Amino acid sequence: MTRRAQKNSKRVGAVSVPWQLIAPVGLFLTIFFILPIGRMAYLSFVDPKFTLDNYTHALTVSLYASTIWNTVSTSLTITIVCLVLGYPVAYLLATRPGTLSLVLTACILVTFWTGFVVRTYAWLILLGNAGPIASLFRAFGVQPPQMLFTTPSSTLAMIHIMLPYMIFLLYAVMRRIDSQYLRAAANLGANPFIAFRTVFFPLSAPGVANGCILVFTMSLGFFVTPMLLGSPRDMMISQLISQQIEQLLAWGFASSLAMILLCLTVILLLIYNRFFGLTRLWG
Amino acid sequence: MLRVFSFLIAVYLLSPTVLVAIMSFGDAGSFHFPPRSFGFAVYQSYFDSGPWLVATYNSVLIAILCSIAVMVLVVPAAMAQARYRYRGQEMLNTLLMLPIIVPPVVSAVAYYGFLSPLGLTSSILGMVIAHTALALPVTYLVVSASMKGFDLNLERAAMISGASRVRALFHVTFPVLRPGLLVGALFAFLYSFNESAVSIFIAGRNAETLPKRMFGSILTDTDPVIAVVSTLVTGATLLGAVIWLLAQSKTWRSAINWPMGTHAELDRPTVKAGGLV
Amino acid sequence: MTAHLRVLNVVKSYDGFRNAVNRVSLDVAKGEFISLLGPSGSGKTTLLLMIAGFEQPTEGLIELDGIDVTSTPPHRRNMGMVFQGYALFPHMTVEKNIAFPLKMRRWSRSDIVARVDTLLNMIDLVEHRDKHPRQLSGGQQQRVALARALAPNPDVLLLDEPLGALDKNLREQMQIELKRIHGETGVTMIYVTHDQSEAMAMSDRIAVFRSGSISQVAAPLEVYNAPADRFVGQFIGDSNVLPLQLDPQRPRIAHLDGVGEIVLSELSNPGGLSEGELLLRPERLQLINGLAPPDLNVMRLKVKTVVNYGDSILLIGLLADREVRVRLPGGHRRFAVCEEIEVGWVPSDGHLLVA
């Protein structure tokens, strides 16, 4: 009987890369996503000539700088309001399943499926001169104020659009909080408020972080709503970019604005990654 | 108290959809709300309008092509990520998530600048390319979640029973994963269908989708046709959801984890503080 | 005689540093029921996966009936496997699940129907043939998994902790079932478990795994009464391990702290060492009332804890600051803490462990 020691180098789970499986998507994204962005970055430095002028222009001219600032502060407002409104709702969904939860979930899902343009349109009608709110004012004999095409109107609509995202992200983390912790806290003598403050809320913190980071970055770059409802004077970055391209064909400048926006977003995500790890966001 | 608040929020969230639906049944030529008269006049405008119907057709076509392309790209990648451990895995994950990280307006500018010189603006192909890239992250999340929940022992059981790797995939893996894959395709479809920012920039006249047309018409149309489109789309989506939920009740949920779950389900908690299951 | 299944010097390393399976060799006879027993991470499941073909050995050889199958893919090994969690195909009925391996081997339609019927009868689930797995209880699913694995008359049946998810009573029932099926079919069974009482109950032989290697392969009673080392002795069943001083001049006598001289069993092999350990099974210690029979080794214990299980009594006593566990048959005798009692054992019931 011969004995043969067989050296076998094929190991499952070793370093071999499954190329055929990942090459298609990797290639596609590189050519059809990385490349366009790269080209845009290139343009920002090269149009109209090889220079950093576009950036200095964007950051120093007060009009543009204030646009950037405006965008950031509005996004912050939106994030905070969404958090305040969304937290109780997510809490209810996560801790008290029941008919209300089902109804609520259905509402949230329906809102998700409704496109941004449509939701913005609805606000256009709501806040418009022929809409119900204006009629309410008139019913009291008061001239309705200018509600559309102002920062508040755009903000209000964006809160409405972002709220489902915030609720969903909060819920995703909350529903995994083991209710036994709260029971244990109660058993140890904590009243519901203290139990919430010391047990539930800290455990929900990752959800809060997820929700805030996502809503904030989405608001920064949001396009449709500010374009349709926003003020032409107090613009958000996306309005400015659109204006620069469509009306002024200022490719380089628009690209630099876009790059600034992109960098802002990436920096935020990197900070988030430092504290929480980005992979949290996509499980 | 909590319930009252949540109920109000539900109303708040739902009211635009409802409002818009009511508008669609209102009188043509007016944006008055509540509408002064009711009827199908606005629906008539929609169905009579060539451009609107073309936009609908474009939206559906692009969305279908997009979801096919996305699934072809995503499914192998999700399998690779779920089953193997290799160098650069983290990097691929990040790459896959990039399109969603980049703000829509930035993507819009990038695609506009990229597709213009190639002559692919205002074309179906250009739109499909852009939408596919943008829909990848969301679809990937859905598909890989269902793959991660897939019990690999099922494949092993198939193999030890005499099925080769390939046969195991077709007889066991794909049938069991089918719901997750369908959801993925659906997400891709809906993403493309609702995509507005990038489409507004690159759709042009030849590849006008519904979101683009709605955007353009919001300030120029005399008819609230948008209301009709929105209501029809929401209605169709709701119908689809109901049908799907009914079909789902007799499926093999025991073998896979759902990414979103049914929210009302009392899942057993999977995360304890400290991250252990 | 060639072994039915032979594992020869198999090594498995996932990362190049640590060996999950460390040069394991095992010969399994045809029709044998052998258990791979050990704590989690001991390598037993990894070895099973290599036997099945789902993992490739880093080194070493696996032979079936003398044929090298080390690189044969799983679907060509003609083995059956029952998985932890059963891995029943959720989208197929019970009938289709069981028929699957036959379909893969391209049996004729009529053959498949006949075979499935036989199996359904064997596992007593005929009325459930059109149900889906999620409609069955855990025990029923388990039986379907077994039937599916046995359907194509495999050479070897592999089982990976199949009873883990069942509750105690059901588990015991299934153990008896499995034994019965083993008797009826005569198929070679390799059974992975961490539950030593399960291994004891069902196996012809037990291979005890520790950190990637096999500590001992022997019939259950031998592993129980004559464990190869301390690990095996303590892993299987309840045990007392007490240090001994040995006298190379007098191989059958040893000195036990707190007791004095005791007689070792005839099978003890001190090998000229001066120190060793005595393995005493708690149930081999007898309570002595009155005068102790002369052939017994006797020790005096001070009662520390008593637990009455109804059918047995666990008494933990102190022997010179060392805890000794004693298992007595159930009864009405009451014990007081700090009471002094005497227990004794027949020398052949004590097992000498040497390093």
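Nothing in this text is a laboratory measurement; each read-out follows from the coordinates by a stated rule. All of these numbers come straight from a predicted model, not from anything done at the bench. Every residue, glycine as well, gets a Cβ built from its backbone with ideal geometry; the counts of neighbours run over all protein chains shown.
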Determine the principal axes of the Cα atoms in segment C:5-234, then give the extent along each, sorted from largest to smallest and rounded to whole angstroms. 50, 39, 30
Radius of gyration, Dmax [segment A:22-147; alpha carbons; angstrom]: 23.0, 67
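Below 8 Å, C-alpha to C-alpha, sequence gap of six or more: please give me the relative contact order for chain A in percent. Intermediate values should be presented prior to the final figure.
Numbers: 251 pairs, mean separation 77.7, N = 283.
27 percent.
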Proxy reagent accessibility, fewest Cβ within 10 Å first, across A:T155, A:T198: A:T198, A:T155
Under a point-charge model restricted to the Cβ atoms of Lys and Arg (+1) and Asp and Glu (-1), what is the dipole moment magnitude of the protein assembly as shown relative to its Cα centre, in debye to the nearest 20? 1000 debye
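Using Cα-Cα distances under 8 Å and only pairs 6 or more residues apart, what relative contact order does segment C:238-353 have, in percent? Intermediate results must be reported in sequence, preceding the final value.
On the way: 263 pairs, mean separation 36.2, N = 116.
Normalised by residue count, the contact order of segment C:238-353 is 31 percent.
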I'd like the distance between the alpha-carbon centres of segment C:32-91 and segment B:116-135, rounded to an integer number of Å. 50 Å
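Show that you can apply the helix-only estimate: for chain A, add -39,500 (n - 2.57) for every DSSP H stretch of four or more residues, divide by all residues, and state [θ] at 222 nm to the nearest 500. Kindly include the intermediate steps, with their values, before the conclusion.
On the way: 14 runs with 200 residues, N = 283.
Rounded to the nearest 500, the figure is -23000 deg cm²/dmol.
I need to check one value: relative contact order of chain C, counting alpha carbon pairs closer than 8 Å and at least 6 residues apart, in percent. Could the numbers behind the result be given before it?
Numbers: 728 pairs, mean separation 54.2, N = 355.
The value is 15 percent.
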At the level of C-alpha centres, the distance separating segment B:138-208 and segment A:76-91, in angstrom, is 32 Å
Running a GNM on chain C with Cα contacts under 10 Å, which residue among C:Q196, C:Q175, C:Q249 ends up with the highest mean-square fluctuation? C:Q249
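How crowded by other chains is A:156-166, given as the mean number of beta carbons from other chains within 10 Å of each beta carbon?
Whole-number average of other-chain Cβ neighbours for A:156-166 is 1.
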Tell me which of B:L210, A:T95, C:L49 sits at the most positive position along the dipole axis of the protein assembly as shown, charges placed on C-beta atoms (Lys, Arg +1; Asp, Glu -1). B:L210
Along the dipole axis of segment C:238-353 (charges at Cβ: +1 for Lys and Arg, -1 for Asp and Glu; origin at the Cα centre), the most positive-end residue among C:G290, C:G276, C:G331 is C:G331
Listing A:C107, A:C82, C:C338 by rising number of other beta-carbon atoms within 10 angstrom, fewest first, gives C:C338, A:C107, A:C82
Span from the segment C:190-212 Cα centroid across to the segment A:94-171 one, whole angstrom: 64 Å
Positive dipole terminus of segment B:50-226, leading residue within B:T121, B:I160, B:A145 (C-beta point charges): B:I160
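Of all trypsin sites (Lys or Arg not before Pro) in segment C:312-355, which ones are in loop regions per DSSP and have a Cβ with at most 14 other Cβ atoms within 10 Å? Before the final figure, lay out each step's value.
On the way: sites: C:R322, C:R325, C:R327, C:R333, C:R334; in loops: C:R333, C:R334.
In loop regions of segment C:312-355 (DSSP not H, G, I, E or B), the sparsely surrounded trypsin sites (Lys or Arg not before Pro) are C:R333, C:R334.
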Scaled to the compact-protein estimate 2.2 N^0.38 Å, what is the alpha-carbon radius of gyration of segment A:155-238, rounded to two decimal places? 1.52
Of the listed pairs C:K12/C:K131; C:K103/C:K168; C:K103/C:K131; B:K148/C:K179, those with alpha carbons more than 30 Å apart are C:K12/C:K131; C:K103/C:K168; B:K148/C:K179
Estimated 222 nm signal from helices in chain C, with DSSP H stretches of n ≥ 4 weighted -39500 (n - 2.57), rounded to 500: -7000 deg cm²/dmol
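Given 10 °C and 1.306 mPa s, how large is the Stokes-Einstein diffusion coefficient of segment C:238-353 in µm²/s, with Rh as the Kirkwood radius over Cα pairs? If you can, show how the numbers build up before the last one.
Values: Rh = 14.6 Å.
In µm²/s, the coefficient is 109.
Once you list every other residue whose beta carbon is under 9 Å from the beta carbon of C:L285, what net charge do they have if Lys and Arg are +1 and Asp and Glu are -1? Don't skip to the answer; put the middle values down first.
Numbers: positive: C:R281, C:R284, C:R325, C:R327; negative: C:E283, C:D349.
Within the 9 Å Cβ shell, the charges total +2.
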Under DSSP loop assignment and at most 13 Cβ neighbours within 10 Å, longest chymotrypsin sites (Phe, Trp or Tyr not before Pro)-free interval of chain C: C:18-308
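Tell me, C:V11, A:V61 in order of fewest to most beta-carbon neighbours within 10 Å?
A:V61, C:V11
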Classify chain A as rounded, prolate or oblate, taking a ≥ b ≥ c as the square roots of the eigenvalues of its Cα gyration tensor: rounded when a/c is under 1.5, otherwise prolate if a/b is larger than b/c and oblate if not. oblate
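From the alpha carbon gyration tensor of segment A:73-162, can you work out the equivalent ellipsoid semi-axes (sqrt of 5 times each eigenvalue) and give them in Å, largest to smallest? List each step's numbers first, then the result.
Numbers: eigenvalues 162, 52, 37 Å².
Values for segment A:73-162, descending: 28, 16, 14 Å.
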